Amino acid sequence: QVLAELKEVHPGLLTVVAGAHATFMPEQCLEHNAVDVIVRNEEELVIRDLLASYERGGEDWKQTLGIGFGKNGSATLNEQYPGPKVLDEIPITDWSLLPKGVYYFYPLVKRYPFVTDLTTRGCPKKCAFCMAPGFYGNKVRGRSAEHIIKGFEHYSSQGYKEVYIKDEMFTSLKKRNDVVFDYMINKQVDLTWFCSAAVGWIDKPMMEKMKRAGCHTIKVGVESGVQEILDRIKKDITLDQIRDTFRWAEEVGINTHAHLMIGHPGETEDTIQQTIDFIKKLNHTTVTFGIMTPFPGTPIFEELAQETP
């Protein structure tokens, strides 16, 4: 609707939609008259090439890899863009482009103003509900330690006090992270931070070093307190591993946020109660309960689509 209103004001506007919806349901996106172009998967380099070609004029922009276009059921989907194998190719986010005084709130942030960052893409896990492997691939690609440190220094120089690292698999690159942590500890960079941590990919010694490097919270995808449910959604973790992760964090003094989802396949009132009872014993700092939603691009979406008449 927003794009349609913009095109009413500027009829010649070329509208571009990116993200998970455009990636996994491109034809559906292009059914809307307000959508001219979709970009699939990682969008930065595709949009760069698309805009450069579009500004030169003519129709060459339609040859850009990774895009789709067309109307009235005649959508054209170009070959996929190979994507950046080295994430250092993508520039550090320039938050100074925001208007002055524009700051955001997030309940887990301890110090303001804060920024978000992403240091890895891809995930080798096969969780049935997650779009990350389908969107980014099933191998972890990471920015170099030097690139991350450069970004942290840049944020600090601009007056930011905290970084929310939004990776799914941040803690999987231990050697790289050790370099970052050592720098944060030895140089005493005035930045605190928090991140997600996958159960099975973090241990107590790592948490201890993370805390010294400025980490105050880890966000953990628990999803369910019932082993059968965890197995069903292919989390590839055990209840004991979850208990260990939260116990270590408590011993180290790092806050924990537990993500739970209600409504997995096979869920009942009894399993929901078991999950509630389980989470109460974890001594977490905060917790959220979401509703399991079968997003396109996930195994559970494909499974349900085949079962639905």
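One table, with the values for the structure above:
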| read-out | value |
| --- | --- |
| Pick from the range 125-138, criterion touching a residue at least 40 places away in the same chain (Cβ under 8 Å) and over 13 Å from the mean Cα position of the chain (by Cα), ranking: surrounded by the fewest Cβ atoms within 10 Å (Cβ to Cβ) | Lys126 |
| Which listed residue, of Lys209, Lys161, Lys219, is open to solvent by 60 Å² or more (accessible area, probe 1.4 Å) and modelled with pLDDT of 95 or more | Lys161 |
| Pick from the range 74-121, criterion aromatic (Phe, Trp, Tyr) and out of contact with any Gly (no Cβ under 7 Å at 6 or more places or on another chain), ranking: surrounded by the fewest Cβ atoms within 10 Å (Cβ to Cβ) | Phe105 |
| Top-ranked residue of the range 263-281 - restricted to ones that are within 25 Å of the chain's Cα centre (by Cα) and over 29 Å from Asp203 (Cβ atoms), ranked as surrounded by the fewest Cβ atoms within 10 Å (Cβ to Cβ) | Gly263 |
| Residue that is farther than 23 Å from Pro294 by Cα and open to solvent by less than 80 Å² (accessible area, probe 1.4 Å), where the choices are Ala18, Ala4, Ala22 | Ala4 |
| Residue in the range 240-258 that is in contact (Cβ under 8 Å) with a residue 24 or more places away in the chain, surrounded by 20 or more Cβ atoms within 10 Å (Cβ to Cβ) and among the small types (Gly, Ala, Ser) present | yes |
| Selected residue (criterion: surrounded by the fewest Cβ atoms within 10 Å (Cβ to Cβ)) from residues of the range 25-45 that are among the polar types (S, T, N, Q) and farther than 14 Å from Tyr136 by Cα | Asn33 |
| Matching residues in the range 139-152 - criterion: being open to solvent by 40 Å² or more (accessible area, probe 1.4 Å) and closer than 14 Å to Lys85 by Cβ | Lys139, Val140, Arg141 |
| Total residues in the range 171-196, condition open to solvent by 40 Å² or more (accessible area, probe 1.4 Å) and hydrophobic (A, V, I, L, M, F, W, C) | 3 |
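The values are calculated or read from the model by the stated rules, or taken from the named source; none is laboratory data. Just so you know, these numbers come straight off a predicted model, no measurement behind them. Don't worry about glycine lacking a Cβ; one is built from the backbone with ideal geometry, like all the others, and counts go over all protein chains shown. Calculation scope for accessible area: heavy atoms of the full protein, side chains included, ligands and nucleic acids excluded. Shrake-Rupley method; radii C 1.70, N 1.55, O 1.52, S 1.80 Å.
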